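**Q** Right, I'll just put the structure down here and ask away after.
None of the figures in this text is laboratory data; all of them are computed from the coordinates on show. The structure displayed is predicted, hence computed values, not measured ones. Quick reminder, even Gly has a Cβ in these numbers, built from the backbone with ideal geometry, and neighbours come from all protein chains shown.
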């Protein structure tokens, strides 16, 4: 639920990057932090867990306009993807106004993508939310990977696996190169703004 601060004329929102371990959530945030310096408010905070990380920082998106005369201020978070951090994931997800699900395009990670999406669905349900109603976009990451022993899933296959029922906006990407990173975030922010406007009307 967005926090409205009328004194500062600000609306604070929370966007969470969700997905399996090593799918590129952290790389997305690192790219945004580095490439959108004007909008970044302060340092990126990293909470290290054993072999995984939770990251967050404040982000002030430009050119999205105002909601009821207020600027939109966003906190971007990643969840730790590894299975054993389910309670941390659930905690980070709490109060999210928008979600970016990052799926790994590697064939060997197909099962992990499906499990992570199922996990997101369940965690939202536990908070009394429907995955079909929250502002959600997907990024099919690592589209740039090539090599002899690398097998990348077809976009249609990923769409069928992960987005057949949800029908949310999807962006192919390469977080390491920055391809699709800005587009994914922008699409999510547009959905969040619509949602906030509906909440306030």
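**Q** Can you tell me the orientation of helix 181-200 relative to the chain, as the angle in degrees between its alpha-carbon axis and the longest Cα principal axis, to the nearest 10?
**A** 40
**Q** If you don't mind, there's one more thing I want to ask. Mind running the shape call on segment 128-201? Use the C-alpha gyration tensor, a ≥ b ≥ c as the square roots of the eigenvalues: rounded below 1.5 for a/c, prolate if a/b tops b/c, oblate otherwise.
**A** Oblate, because a/c is 1.5 or more while a/b does not exceed b/c.
**Q** Still on this model: Could you list 70, 188 in order of exposure, starting from the residue whose Cβ has the fewest other Cβ atoms within 10 Å?
**A** Going from least to most buried by this count: 70, 188.
**Q** A further question on this structure: On a 0 to 90 degree scale, rounded to 10, what angle separates helix 110-126 from the longest Cα axis of the chain?
**A** Around 30 degrees separate the two axes.
**Q** With the Cα gyration tensor of segment 3-192 giving a ≥ b ≥ c as the square roots of its eigenvalues, does the rule (a/c under 1.5 for rounded; else a/b larger than b/c for prolate; else oblate) give rounded, prolate or oblate?
**A** Prolate is the answer for segment 3-192, as a/c is 1.5 or above and a/b outweighs b/c.
**Q** Could you order peptides 125-134, 88-97 by the average number of other Cβ atoms within 10 Å of their residues, highest first?
**A** Highest-to-lowest ranking by the protection proxy: 88-97, 125-134.
**Q** So, in nm, how far is label residue 186 from label residue 164 when the simple model puts each one 7 Å beyond its Cα toward the Cβ?
**A** 3.2
**Q** Antiparallel DSSP bridges in the chain: what percent, to the nearest 5?
**A** Roughly 45 percent of the beta bridges in the chain run antiparallel, per DSSP.
**Q** Here is a further query. Between residue 41 and residue 1, what length in nm is gained on full extension when 0.36 nm per residue of separation is reduced by their alpha carbon distance?
**A** Stretched out fully, the residue 41 to residue 1 stretch lengthens by 12.3 nm.
**Q** In degrees, nearest 10, range 0 to 90: what is the angle between the Cα axis of helix 25-35 and the longest Cα principal axis of the chain?
**A** Tilt of helix 25-35: around 50 degrees.
**Q** In addition: Could you grab the relative contact order for the chain? Cα pairs under 8 Å, six or more apart, rounded to a whole percent.
**A** Once normalised by length, the contact order is 24 percent.
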